[in-house]
1. I'd like the mean, over residues of A:75-84, of how many other protein chain beta carbons sit within 10 Å of each residue's own Cβ.
2. Under a straight-distance cross-link criterion of Cα-Cα below 29 Å, which lysines are reachable from A:Lys80, leaving out those fewer than 8 residues away in the same chain?
3. Just to confirm the filter: which trypsin sites (Lys or Arg not before Pro) across the stretch A:139-189 are DSSP coil and have at most 16 other Cβ within 10 angstrom of their Cβ?
4. Determine, at each q value in 0.18 (inverse angstroms), the log₁₀ of I(q)/I(0) that the Debye formula gives when each Cα of the stretch A:150-296 is one equal point scatterer.
5. Over the alpha carbons of the stretch A:76-125, what is the largest minus smallest coordinate on each principal axis, giving the biggest first in Å?
6. With N set to the number of residues, divide the alpha-carbon radius of gyration of the stretch B:45-98 by 2.2 N^0.38 Å and report two decimals.
7. Give the Rg (one decimal place) followed by the Dmax (whole number) of the stretch A:290-364, computed from C-alpha coordinates and expressed in Å.
8. Taking the alpha-carbon centroid of each part, what is the distance from the stretch A:278-310 to the stretch A:92-128 in angstrom?
Amino acid sequence: MSRVRVLVGTRKGAFVLNADGKRDRWDVSGPFFPGWEIYHIKGSPTDPDRLFASQSSGWFGQVIQRSDDGGATWEPVGNKFDYATEPGTHQWYDGTPHPWEFARVWHLEPAPGDPDTVYAGVEDAGLFKSTDGGQSWTELSGLRTHKSGPDWAPGAGGMCLHTIILDPAHPDRIFAAISAAGAFRSDDAGQTWQPVNRGLRSQGIPDEDAEVGHCVHRLAMHPARPEVLYMQKHWDVMRSDDAGGSWHEVSGNLPTDFGFPIDVHAHEPDTVYVVPITSDSHHFPPEGKLRVYRSRTGGDDWEPLTRGLPQEHCYVNVLRDAMAVDSLDECGVYFGTTGGQVYASADAGDSWAPVVRDLPAVLSVEVQTLS
Amino acid sequence: MIRVVLPAHLRTLACVDGEVKLQVDGPVTQRSVLDALEARYPMLCGTIRDHHGGRRRPFIRFFACELDLSHEQPDAPLPEAVVTGAEPYLVVGAMAGG
């Protein structure tokens, strides 16, 4: 029988949640790396027992951990993230030039086909690649050195490269998103990049439809339809039907179009999930009600999903990397909150139940579907 | 032998209990002690000093013999009591966070 393994990164360690295909009884293990921030954990699509974790600390910096037994044991691998060329400067919050400095790894994206290949998105924004299981890292510097780089500026959480999507239909195509620079695409395996932000409009930057400068919070793609991308921008939920060439808004009837995560149903490319958050100054759900919104029409028309979620006095946030879907026949949806809850739905979002309630603030959630 | 005391998180990362004892050849300085520490426990590289030029991470302090050595030159000799092993060299995670 199939089963799922949910990988949870929190402010104070990692947790692994296991269940069979029913997803109603959970075994919780952890904390792994207690006391450390775990920005992200993700498994190799080729070898699901190989996991990579980003472990960091304001005191001790960055560590990358690797497991080859599904998270039971871990070993530290390479943590040297050297920018490949003279780092140069980007804009600081006050508009002055600021030297590019490595701070942490936000996102790890293991590549399909080779369990030794993994990408890392880092703050200050850069994309790194390892082909030796994380022992060594090389920057794909064409992104950071794009001519617009000196104009990039950090979002409130830092200038992070937080989203990496590897296009399954075009092996040389990579999407990356940076707060607050925007979305970028490479068609040559990361050597050169172009901003793909046409159609985005962002109040709060001098030129609302500038080529770069947009605070993109998250991108999502369904692997069966890789030309369609969904985006949760700072404000606005957006969709592209041409691999980022242009975007149009699909916020539709959402109660607010601010939010962080966005994800797509495993079997229905038009079914999309977001978690509306009141605003950038109120990082909690509207009316104290935690609601996932689902569109079955690729956006614009959204329905609230509330069964099993708190509908009063709820003031948590759901961060950008803290939602995931499994690929069981009945698609499971998972998300974690800054209040330490991880919620699971075994019926595509119709109903929810907490797997755990009292973890540290959840930074990331990934799920593996295992046979 | 040089005795080194690590903060708890780094002991866990390096899989060691208690003090670390290091053989240091040549002059015993902060640089030579930390070089020997990182050579034996490579997973500590980058967690005490950065990868570039060995600059101390901002929230790390170095103490010995009731002295704060954090701002001393890395190639300055360590106190004799550290060299003889009478006193440990302390790598400390600064108290911070309110």
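Where a number appears in this text, it was derived from the coordinates with a stated rule and is not lab data. Every value quoted in this text rests on a predicted model; they were computed, and no experiment measured them. Please note: Cβ atoms are built from the backbone with ideal geometry, for glycine as well, and neighbour counts cover all protein chains shown.
1. Numbers: counts 2, 9, 1, 4, 7, 5, 2, 2, 0, 0.
Mean partner shielding for this stretch: 3.
2. Cα-Cα hits under 29 Å: A:Lys12, A:Lys42, A:Lys129, A:Lys147, B:Lys21.
3. On the way: sites: A:Arg144, A:Lys147, A:Arg173, A:Arg185; in loops: A:Arg144, A:Lys147, A:Arg173.
Answer by residue number: A:Lys147.
4. Treating every Cα as an identical point scatterer, log10 I(q)/I(0) equals -1.04.
5. Here the Cα extents, ordered largest to smallest, are 42, 19, 17 Å.
6. Numbers: Rg = 12.0 Å, N = 54, 2.2 N^0.38 = 10.0 Å.
Dividing the Cα Rg of the stretch B:45-98 by 2.2 N^0.38 Å gives 1.20.
7. Considering the stretch A:290-364 through its Cα atoms, Rg and Dmax are 12.1, 35 Å.
8. When both Cα centres are located, 29 Å separates them.
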